[in-house]
Number of protein chains: 6
Amino acid sequence: MNAERKEPTYLFTDRQVADKSEIARRFLETRNRLNENVDKADNFLVKRFYNIDHNTYLEGAIPATYKEWMGLVVSAGLRCDDCINYHVIQSCRLGATRPEREEALNVALVVGGSIVIPHLRRADEPLTELYS
Amino acid sequence: MNAERKEPTYLFTDRQVADKSEIARRFLETRNRLNENVDKADNFLVKRFYNIDHNTYLEGAIPATYKEWMGLVVSAGLRCDDCINYHVIQSCRLGATRPEREEALNVALVVGGSIVIPHLRRADEPLTELYS
Amino acid sequence: MNAERKEPTYLFTDRQVADKSEIARRFLETRNRLNENVDKADNFLVKRFYNIDHNTYLEGAIPATYKEWMGLVVSAGLRCDDCINYHVIQSCRLGATRPEREEALNVALVVGGSIVIPHLRRADEPLTELYS
Amino acid sequence: MNAERKEPTYLFTDRQVADKSEIARRFLETRNRLNENVDKADNFLVKRFYNIDHNTYLEGAIPATYKEWMGLVVSAGLRCDDCINYHVIQSCRLGATRPEREEALNVALVVGGSIVIPHLRRADEPLTELYS
Amino acid sequence: MNAERKEPTYLFTDRQVADKSEIARRFLETRNRLNENVDKADNFLVKRFYNIDHNTYLEGAIPATYKEWMGLVVSAGLRCDDCINYHVIQSCRLGATRPEREEALNVALVVGGSIVIPHLRRADEPLTELYS
Amino acid sequence: MNAERKEPTYLFTDRQVADKSEIARRFLETRNRLNENVDKADNFLVKRFYNIDHNTYLEGAIPATYKEWMGLVVSAGLRCDDCINYHVIQSCRLGATRPEREEALNVALVVGGSIVIPHLRRADEPLTELYS
């Protein structure tokens, strides 16, 4: 399965992101460790779900970067810090720019309301580390 | 305020969309009627909020079409049929394509899970009318 | 149990509200019919829950009217049309004013974001019938 | 794919359920029609998702009936009427009893709060048709 | 009230669970300490609510174990880590098995989507401690 | 803009609140630091949103204290700890009483269900520090 696993064209590796942001580094470390657990558990439906999840964000009619922004906006709207962190890292790896980031977060703020603000505040830290 | 109200560059007018889709027509009719109520109520904070909402989706670092897709995905994730209809119409007016639509809805489905399916089903009707 | 059931001091009866608003009338009719089903089902935990629910909104350190507004705001934030209708009717019965209504809905809009707008639009109809 | 599609051991067919409940009949009719659209659209990721969804509720370490109750409780907690209807029908087809139904809905009510009540009220209609 | 408080038939005590899992131990410690506050506050409606909550999960037409799984699934769907931890501990005390656990979490994942994944990841730690 | 920024009539300053509650102190410290970032980012739409947010809770037809309780109840219903902390501090600064606090949290508990309990537990700590 992994042999044919497609990836978007990243401008930066996970490691490069981790070198720029301590928060990203810790997030990726935890995520990788836990994904090993998923591999070990070897639950067929979970692995299938992970596969769909991965393929949803590949380059297509909509460029991969914008798909990551979509993922970020819906994650913020649904108020999931871990999901926000993940899409922040992914969009950064794909070369997203700071003005794009601001406009994406504005969509999340307006759709989701003030309840989203604490999540945007927390997202600000890795975003500042990655986009400066 | 309205004098300087910016708009994205639409390929189609509201009326053209309404001519293609009965669901869109009814949705827009209701929306326009109710917005008149909002104008009459003249509530300062509500009008300000509407203004921010409008400006969030303007052409910018992220193209207006992708912002509409973002709006669609977060609306589906938060499961709001009216919001979905609105962004379906807007993305259509901006010239969005059928493959883009499929990929955007896939993001919503994977992030939001099976709970999102009934909303995607209902969205299918105006989408089919508008994209065929 | 019903013998000692306390009620807030209403300025208007259900019937008076139903006479002013067709939407309220239909809502109350359905609600009463379904509550008969609940009575018949005689589920102990459900009846207990209904009791807590009823007593939560009684006059207390916080006046009953403001508790209804709280109920309205959280219902709008959680986007439940039926719950909104219920608290609209209750606040009207307790003599709530139009400016209070506008300010309560502003809290819901700002906290919940644009995703709340379709619910506020739908709430506008019974509100207009009841407050004019 | 369909050739090897497993099913739980139903006591009743869709048609038998539809014969007992008009609401169930209409729900199933719409659902089948829309699933034809999904088949036509032939979106690979959506079909994969539908597959995982189907397989999640099969007989296993947890009996299929209880999985349907789980689906019902989480659907009520997330307040999705269509999902509730679906799991009501499925649990009925698997021979679920009326006391089970009451206890499952109690979990949903206590976890989700009064905001869930309007959904339980609406669920009451097909439930009464199917369990009497 | 506590004199007549019914309990399901547990296979393990809180203490036995706490001995197997450090996360469970800390969770239970905090929970007990805070419940003392609730007792002290002596708020009639809160105590009533806690009582309904307790009785909802008792052995009945649906076995207590499956009710705990239902609680787990809806807690995951609504994305509440503390609630997940609580039902993980309870299902363990009632003798739930590892395959049951996997199937219950699959329901939560499919219904709730990828937004649920970070919560399942965090649940993995006490689950691994308790089920190995 | 700040020159004409209106404020409700507080009985206590932020500092007085911070002196009574360590949790409040840390919360306010973080909030102030992050608001500086918002000021620096100078995003027009975000600043507009913050302004609407601020003005929504001013003294009006509904007294500022009750607006803060409304904010608290909807924050608890939507399960946002940071938002709860903010409204706890604000209502304290406006002179809210302990019985009011209990009644407001009861609304949140009944509307939102047991899923709200962990948030109320966490809110208990700053509340106890501030209201004793």
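We did not get these values from a lab; they are worked out from the coordinates using the rules stated. Quantities reported herein were computed from a predicted structural model and do not represent experimental measurements. Positions of Cβ are backbone-derived with ideal geometry, glycine not excepted, and every protein chain shown enters the neighbour counts.
General remarks:
- Separation of segment F:1-42 and segment E:37-58, taken as the distance between their Cα centroids, equals 35 angstrom.
- Total charge dipole magnitude, the protein assembly as shown, about the Cα centre, Cβ charges on Lys, Arg, Asp, Glu only, Debye to nearest 20: 0
- With Cα atoms, 0 to 90° folded angle of helix E:117-130 axis to chain E main axis: 70
- Chain A: relative contact order as a whole-number percent, Cα under 8 Å and 6+ apart: 32
- Against chain D, whose longest principal axis comes from its Cα atoms, helix D:64-77 is set at around 70 degrees.
- Computed over every Cα-Cα pair of segment F:62-132 and binned at 10 Å starting from 0, the pair-distance distribution P(r) comes out as 22, 62, 15 percent.
- Charged-residue dipole, Cβ positions (Lys, Arg, Asp, Glu), segment B:1-117 about Cα centre, Debye nearest 20: 100
- Helix B:98-112 and the longest principal axis of the C-alpha atoms of chain B enclose an angle of approximately 90°.
- At most 15 other Cβ within 10 Å, DSSP loop - GluC sites (Glu not before Pro), segment C:26-117: C:59
- The calculated 222 nm mean residue ellipticity attributable to helices in chain E amounts to -23500 deg cm²/dmol, summing -39500 (n - 2.57) over DSSP H runs of n ≥ 4 and dividing by all residues.
- Largest-first principal axis extents, alpha carbons of the protein assembly as shown, Å: 68, 68, 54
- Against the rule of thumb 2.2 N^0.38 Å, how large the Cα Rg of chain C comes out: 1.06
- Separation of segment C:59-109 from segment E:105-129 is 36 Å, based on Cα centroids.
- Integer Hz, Karplus 6.51/-1.76/1.60 couplings in order for segment D:78-86, x for Gly and Pro: 8, 6, 10, 4, 4, 5, 4, 4, 4
- With label points defined 7 Å past Cα in the direction of Cβ, position residue A:97 shows copy-to-copy spacings of 2.3, 5.2, 5.8, 5.9, 6.7 nm, given to one decimal and shortest first.
- Dipole of chain F computed with +1 at Lys/Arg Cβ and -1 at Asp/Glu Cβ about the Cα centre; of F:51, F:85, F:13, farthest Cα towards the positive end is F:51.
- Residue-averaged beta-carbon neighbours from other chains (10 angstrom radius) around A:126-132: 1
- A crude spin-label estimate for the pair residue E:37 and residue A:55, with each label 7 Å from Cα along the Cβ direction, gives 4.8 nm.
- Taking 22 Å as the limit for the C-alpha separation, the pairs D:6/D:47; A:67/B:20; F:6/F:67 exceed it in the case of A:67/B:20.
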